[in-house]
Amino acid sequence: MEYEIKPAGKFSLNLKELWDFRELFYFFTWRDIKVKYKQTFLGFAWAILQPAMMMLVFSFFIGNLLGENKNVDIPYPVFVYTGFIFWNIFASGLQNAGNSMVTNANIIKKIYFPRLIIPMSSILVSIFDFLMTLVLYIPLLIYYKVNISLVGVLVCFPLALTLTLITTLGAGTLLAALNVKYRDFRYVIPFMIQFLMFVTPVIYPVSIVSNKWLQFILQLNPMATAIDLARGMFREEAVEPDMIFYGSMISLLLLLTGIFYFRKTESYFADLA
């Protein structure tokens, strides 16, 4: 059986080819999970421990202040943990995907397969960690007796996860391609993730921003939209339509930009990696 290699369109995910090589998603994802947790004492518990510790730290230092100002209408530990479980998908996915092409340079040089599988499988590792965080999240909701909207669970939560994945895939593929050519990005990525966390409402509510220009800038941040959507299942009122529109448009633009640049540069990945 012969397999003809054809160049994909600049904005195409080339889903047919990805499906033909679908077993590689399992191979790369499971390999990365095993490497990440191999020879660790707590194992998969590290996926839960990180957002849990961040929740405790910020609840102690910031929770009381926000609670007194009535800016948060749900228990702050639930509020901040919801933010962190979605932010961690983006942060770890961006970190893993951004370095994935350089890390897998030896494989890239030896055989052909759709290069997009590498950053995409790196992001799937973050989904595994996300599922682990739900082990603590569900008991947390029960403990604080938080009222949850059924519409929010069925609509807001899945939309938030989808938007997070699209944003991570777009930014991750862009950084993966840039990191192959410009190795400075391995130093830029951790700083960028740290900076973005503080300009995203992970530990504070969107309502705390009163300046109109800052509110508009926040609306352009797709992760701000995703996290606010996730918290929408605790509120009766809907998330602002403008924020959903702007956040979704920026996320899709980021995805198209990432795919376009990745496709444009992948022909010489083997030479540069």
Review point. Alpha carbon centre of the stretch 142-218 versus the stretch 81-110: separation in Å?
Key: 15
Review point. What distance in nm separates the simple spin-label points at V57 and T162, each placed 7 Å from Cα in the Cβ direction?
Key: 3.4
Check your understanding: How many nm separate the modelled label positions at W46 and K16, each set 7 Å beyond the Cα in the direction of the Cβ?
Key -> 4.1
Check your understanding: Calculated from the structure, Cα extents along the principal axes in Å equals which of (1) 64, 45, 36; (2) 80, 39, 38; (3) 54, 47, 39?
Key -> (1)
Review point. Which loop chymotrypsin sites (Phe, Trp or Tyr not before Pro) in the stretch 133-219, with loop taken from DSSP, have no more than 10 other Cβ atoms within 10 angstrom of their Cβ?
Key: none
Check your understanding: Taking only C-alpha pairs under 8 Å that are 6+ residues apart, what is the relative contact order of the stretch 15-272 in percent?
Key -> 26
Check your understanding: Roughly what would the spin-label model give for R186 and K145, points 7 Å off Cα along C-beta, in nm?
Key -> 5.3
Review point. By how many nm would the segment from F245 to I217 grow when fully extended, if each residue of separation counts as 0.36 nm and the alpha-carbon distance is taken off?
Key: 8.8 nm
Practice item. Work out which helices of the chain, taken as complete DSSP H runs, extend at least 18 Å along their axis over the Cα atoms and score a mean Kyte-Doolittle of -1.0 or more, then list them. Key: 23-37, 45-58, 76-103, 117-143, 157-181, 185-198, 241-265
Review point. Among the listed pairs K16/K36; K36/K181; K110/K181, which are separated by more than 21 Å between their Cα atoms?
Key: K16/K36; K36/K181
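Every read-out reported here was derived from the displayed coordinates using simple, explicitly stated rules and does not represent laboratory data. Keep in mind it's a predicted model, so treat the numbers as computed, not measured. Ideal geometry is used to build each Cβ from the backbone, glycine not excepted, and the neighbour counts take in all protein chains shown.
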